[in-house]
Amino acid sequence: MIALTRAVSPSIAHCELTHIARDPIRYEIARDQHSHYEACLRELGCAITQLPPGDEFPDCVFIEDTAIVLDELAIITRPGAASRRGETAAVSNELSKYRSIRSIEAPATLDGGDALQVGRTIYVGVSTRTNSSGVAQLDAIARSCGYTVAPVEVTDCLHLKSAVTEVAPGTILLNPGLVSRDAFAGLDVIETHPDEPAGANAVRLGGTVLYSNSFPLTLERLRQRGFKLMTTDTSELARAEGALTCCSLLFQR
Ligand code: CIR
């Protein structure tokens, strides 16, 4: 398994923000949290390839938004935030070592944080970052590889994966206040604790769930369900509206 990551930019304080107020972001702390996140991925069996940051890309650590890597090919996105579009070039260059590359083209916009793959279905958030043309282009590419693309309305959070992620095959962790359970019929649903609205973002890697220690009540729910868990601190990256999945692209070599 490869985890493609990108170092925290020294300019992260100038990141995009949509649903939260701007608080100072301490670069050194964000960098240390990101290093710990990478160490967790390494412990879970990933080989890390870290791309260098760029002062001109405050949000580049959130590499998930720049691509969707399927077994068959990689789709380079066209991020919804114009300030982030330049991030894709380096990612495309790296991914081309492992996959043939397809690209989302204007006027479409699509952020990888809006694409949740569960088996052969790709749920895609229609959000402030991903438009209907982005969904249509993703659908055309993914359908040619045998996937079903299912659009889901996202209004109260940044990305679909701010509201729901997969924690085991066919089991999702979901905040019902942000996204409707109805969109995920047939899947086993674990709800986040009501006091932890930002707690739906988890990374599933092998049989382990990598989770943020900012959400102890939801963590306890996962523990009670028998999940093998590893935790890390995401508090500083959260000030940039980032979470766990957004800091890597995970794929089989
Ligand atoms: C942005 O607004 O684009 C960044 N500040 C945060 C992106 C987080 N990405 C993700 O959750 N997939």
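Relative to the present Cα-Cα distance, how much length would full extension add between E72 and R181 at 0.36 nm per residue of separation?
Length gained, E72 through R181: 36.3 nm.
Could you please put I63, I48 in sequence from largest to smallest accessible area, using a 1.4 Å probe?
I48, I63
Search the structure for amide H atoms under 5 Å from the amide H of S103, placed 1.01 Å from N in the peptide plane, and list their residues when 5 or more places away or on another chain.
Amide H neighbours of S103, under 5 Å, 5+ apart: I76.
Would you work out the relative contact order for segment 11-68, in percent, from Cα pairs under 8 angstrom that are 6 or more residues apart?
Reported relative contact order: 48 percent.
How would segment 168-215 be classified by its alpha-carbon gyration tensor: rounded, prolate or oblate, with rounded meaning a/c under 1.5 and the a/b versus b/c comparison settling the rest?
Here segment 168-215 falls in the oblate category.
Tell me the mean residue ellipticity at 222 nm calculated for the chain from its helices only (DSSP H runs of n ≥ 4, each -39500 (n - 2.57), averaged over every residue, nearest 500).
That comes out to -6000 deg cm²/dmol.
Using only protein heavy atoms and a 1.4 Å probe, report how much of L187 is accessible, in Å² to the nearest 10.
Result for L187: roughly 40 Å² accessible.
Suppose R0 equals 35 Å. What FRET efficiency, 1/(1 + (r/R0)^6) with r the Cβ-Cβ distance, do R22 and H193 give to the nearest 0.05?
0.85
Just to be sure I follow the definition: excluding the sites themselves, where is the longest run in the chain that has none of the GluC sites (Glu not before Pro) in a DSSP loop with at most 16 other Cβ atoms within 10 Å?
Here the longest run is 106-253.
Kindly state, to the nearest 0.05, the FRET efficiency for R253 paired with D32, given R0 = 22 Å and r defined as their beta-carbon distance.
Rounded to the nearest 0.05, the efficiency is 0.20.
In terms of modelled amide H atoms, which long-range or inter-chain residues lie less than 5 Å from the amide H of A7?
Result for A7 returns L51.
Excluding ligands and nucleic acids, what accessible area in Å² is computed for T121 using a 1.4 Å probe, to the nearest 10?
Here the accessible area works out near 40 Å².
Can you tell me how much longer the chain between S96 and S83 gets when fully stretched, taken as 0.36 nm per residue apart minus their C-alpha distance, in nm with one decimal?
Gain on stretching S96 to S83: 2.4 nm.
Heavy-atom accessible area per residue, segment 1-64, 1.4 Å probe: how many Å²?
Heavy-atom SASA per residue in segment 1-64 reads 47 Å².
Mean-square fluctuation check for the chain, GNM, Cα pairs under 10 Å: which of G134, G112, G177 is largest?
In the Gaussian network model the winner is G177.
For the chain, what % of the accessible area comes from carbon and sulfur atoms, probe 1.4 Å?
Summing carbon and sulfur atoms, their accessible area is 49 percent of the total for the chain.
Given a Förster distance of 35 Å, report the FRET efficiency between Q117 and N213 from their Cβ-Cβ distance, rounded to the nearest 0.05.
Result of the calculation: an efficiency of 0.85.
Scale the Cα Rg of the chain by the rule-of-thumb value 2.2 N^0.38 Å and send over the ratio, two decimals.
That works out to 0.92 for the chain.
According to a simple spin-label model (label point 7 Å from Cα along Cα-to-Cβ), what is the distance in nm between A47 and E220?
Using points 7 Å along Cα→Cβ, the separation is 4.2 nm.
For segment 41-119, what class follows from the C-alpha gyration tensor (a ≥ b ≥ c being the square roots of its eigenvalues): rounded when a/c is under 1.5, otherwise prolate if a/b is larger than b/c, else oblate?
oblate
Compute a Gaussian network model of the chain, connecting alpha carbons closer than 10 Å, and tell me which residue from G146, G242, G199 fluctuates the most.
Highest fluctuation among the options: G146.
Compute the distribution of all C-alpha to C-alpha distances in segment 160-253, in bins of 10 Å from 0, and list the percent of pairs in each, rounded to whole numbers.
17, 54, 27, 2
Using the heavy atoms of the protein chains alone and a 1.4 angstrom probe, what is the accessible area of segment 174-248 per residue in square angstrom?
Here the residues of segment 174-248 average 43 Å² of exposed surface.
The values are calculated or read from the model by the stated rules, or taken from the named source; none is laboratory data. Everything numeric in this text was worked out from a predicted model, so none of it was measured. So basically every Cβ, Gly included, is an ideal-geometry build from the backbone, and we count neighbours across all protein chains shown. What goes into the accessible areas is simple: the full protein's heavy atoms, side chains included, and nothing from ligands, DNA or RNA. Shrake-Rupley method; radii C 1.70, N 1.55, O 1.52, S 1.80 Å.
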